[in-house]
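Here is the structure we will look at, set down as structure tokens.
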Amino acid sequence: MIRYFKVNDPYRLLAVLIFLIVTRTLAFFLENPFLLLQNESESMGSTINQGAFFAENISTNAAPLYYYLYAVLTFLAEETALISMLLAGALILIQAFLLNTILIRSAALNDNTYLPAIIYTFLISASPEFLFLSPELLAITFVLLGLNFLFTHLKYRGSEENIISTGFMFGLAALFAKPAFLFLLFCFLVYLLYSSTLTRRYFLMTFGFLLPFIFVWIYFLWNDQGTSFWSVYFSDLIHYSSRQLIPRTDLLIWVGLPGLLALITAAQNFTGIGMTNNQIQIQRSMLWLAIFGVILYMVSANGSFNELIWLLPVITYFITMFLNSVQKPWMGELFFQLLLWGSLYFLLTPLIEPSLYGLDISGLIPGN
């Protein structure tokens, strides 16, 4: 099966689409305790539709664009679970395509394949939390778009428009999930270490990052909420509430094993032997992205799979590197099958047997 995705053919994405359709269809007809996440998002949207400007006392890392998106969804439909599931599936497909395209265009790997798309889909589909929209799921879409501009600059020394676009995409990500604000430091660090970017371009990138904030702030300012916008946003930038939905053992197994393989692969290729300068820069950037992903997980403090999403592009990148270089084909096929069936197990088990999961739903719904 792994050979099917090692071909550089975009039609391989049809397999990703089929996987998403089958798993989401099964999940939709099963008992789903993770609907509580959807209920909280609906509560945010209803709060905004009732005249509030902010959704407060929530357990997620949601930033203004997220609960205003749900205000639109709850305005259009009384029940948004199906819409949310369809949009979440579409986003995962787009993210898989984006990540795969980024790695191909930037020549990040020696072989151009569609393995990254399916691996990313397996990894993210393992969590029932991503059956529905979440702040992190929306934010990672713009993080990937930002990485595209970032890697373009590293390879081609992109234009000033490219610099602004990089900041703008990361800024949009921060307006969906608050901890993503720290990616501004990630951009500075990558530019500082791996490019000869002019000083004024750092200001351009910062301007691009702040630009979506300015647009949103103008709306709040128009409604005499300008000061409140900044105070509410930064007051919960580090989120301390607990939302341990998936047991830590399952979380550790599913993220820990692929993460360990990715770490081993990163260590083996750290010296960059046999890699181009561009590939070395991308590898170093991915390692920094992993470090920031861990930091974001720690400051989120929820202990949820949602907050680990920042690590998935990095894990996907290094696992693909491993599968492309493994000398024994059966080893690559075995690990690929483990990803496939592991994804199905961790996705469907809590839906088929919710009693096996000690879900902690305290604090999920405002007022509970």
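The values are calculated or read from the model by the stated rules, or taken from the named source; none is laboratory data. Being a predicted model, the structure only gives us computed values, none of them experimental. Virtual Cβ from ideal backbone geometry, glycine too; neighbours counted across all protein chains shown.
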Practice prompt. Could you figure out which of (1) surrounded by 21 or more Cβ atoms within 10 Å (Cβ to Cβ); (2) touching a residue at least 60 places away in the same chain (Cβ under 8 Å) isn't true of Asp111?
Written response: (1)
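Within region 275-356, considering only helices (runs of 4 or more DSSP H) that don't extend past its boundaries, which have at least 3 residues that are at pLDDT below 85?
Details: elements: 277-300, 312-325, 329-352.
Output list reads 277-300, 329-352.
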Item to complete: Could you tell me which numbered condition Tyr240 fails, if it satisfies all but one of (1) under 25 Å from Leu145 (Cα atoms); (2) modelled with pLDDT under 85?
Response: (1)
Worksheet item: Looking at (1) without any contact (Cβ under 8 Å) to a residue 24 or more places away in the chain; (2) farther than 27 Å from Pro258 by Cα, which is the one condition that is false for Leu69?
Response: (1)
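Got a sec? Which of Ala27, Ala63 is touching a residue at least 60 places away in the same chain (Cβ under 8 Å) and either more than 29 Å from Gly171 (Cβ to Cβ) or surrounded by fewer than 17 Cβ atoms within 10 Å (Cβ to Cβ) (or both)? Steps first, answer last, please.
Values: Ala63 fails: either more than 29 Å from Gly171 (Cβ to Cβ) or surrounded by fewer than 17 Cβ atoms within 10 Å (Cβ to Cβ) (or both).
The conditions single out Ala27.
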Worksheet item: Looking at (1) at pLDDT below 85; (2) in a loop (DSSP other than H, G, I, E, B); (3) of a type outside the set (Ser, Thr, Tyr), can you tell me which one Ala107 breaks?
Response: (1)
Fill in: Close pairs (7 angstrom Cβ cut-off, 6 or more residues apart or separate chains): within 16 Å of His153 (Cβ to Cβ) in region 260-285, among the aromatic types (Phe, Trp, Tyr) anywhere
Gln281/Tyr194; Ile282/Phe151; Arg284/Tyr194; Ser285/Tyr194
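Every residue, every condition in (1) of a type in the set (Asp, Glu); (2) modelled with pLDDT under 90; (3) within 18 Å of Phe5 (Cβ to Cβ), yes or no:
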residue	(1), (2), (3)
Leu69	no, no, no
Val72	no, no, no
Leu82	no, yes, no
Asn100	no, no, yes
Asn112	no, yes, yes
Leu115	no, no, yes
Discussion item. Among the residues in region 68-82, are any over 24 Å from the mean Cα position of the chain (by Cα) and under 30 Å from Leu340 (Cβ atoms)?
Written reply: no
Discussion item. Regarding region 72-80, can at least one residue be identified that is under 20 Å from Leu308 (Cβ atoms) and not aliphatic (A, V, I, L, M)?
Written reply: no
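For region 1-20, how many residues are outside any helix (DSSP H, G or I), farther than 22 Å from Tyr345 by Cα and not basic (Lys, Arg)?
The total comes to 3.
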Practice prompt. Pull up region 157-198, narrow it to residues that are more than 17 Å from the chain's Cα centre (by Cα) and among the polar types (S, T, N, Q), then point me to the one that is nearest to Leu287 (Cα to Cα).
Written response: Ser195
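Would you confirm, using the coordinates I've provided, whether Gln50 is polar (S, T, N, Q), closer than 16 Å to Val314 by Cβ and free of Cβ contacts under 8 Å to residues at least 60 places away in the same chain?
Values: polar (S, T, N, Q): yes; closer than 16 Å to Val314 by Cβ: no; free of Cβ contacts under 8 Å to residues at least 60 places away in the same chain: yes.
No.
For region 61-101, which residues satisfy the criterion of being of a type in the set (Ser, Thr, Tyr), in a helix (DSSP H, G or I) and closer than 23 Å to Leu26 by Cα? Can you show your working first?
Pass one, region 61-101, residues of a type in the set (Ser, Thr, Tyr): 66-68, 70, 74, 80, 84, 101.
Checking which are in a helix (DSSP H, G or I) leaves us with 66-68, 70, 74, 84, 101.
If the condition is that a residue be of a type in the set (Ser, Thr, Tyr), in a helix (DSSP H, G or I) and closer than 23 Å to Leu26 by Cα, then Ser84 is the only one that fits.
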Discussion item. Here are the criteria: (1) crowded, with 21+ Cβ neighbours inside 10 Å; (2) of a type in the set (Ser, Thr, Tyr); (3) over 21 Å from Tyr219 (Cβ atoms). Tell me which single one Tyr70 does not satisfy.
Written reply: (3)
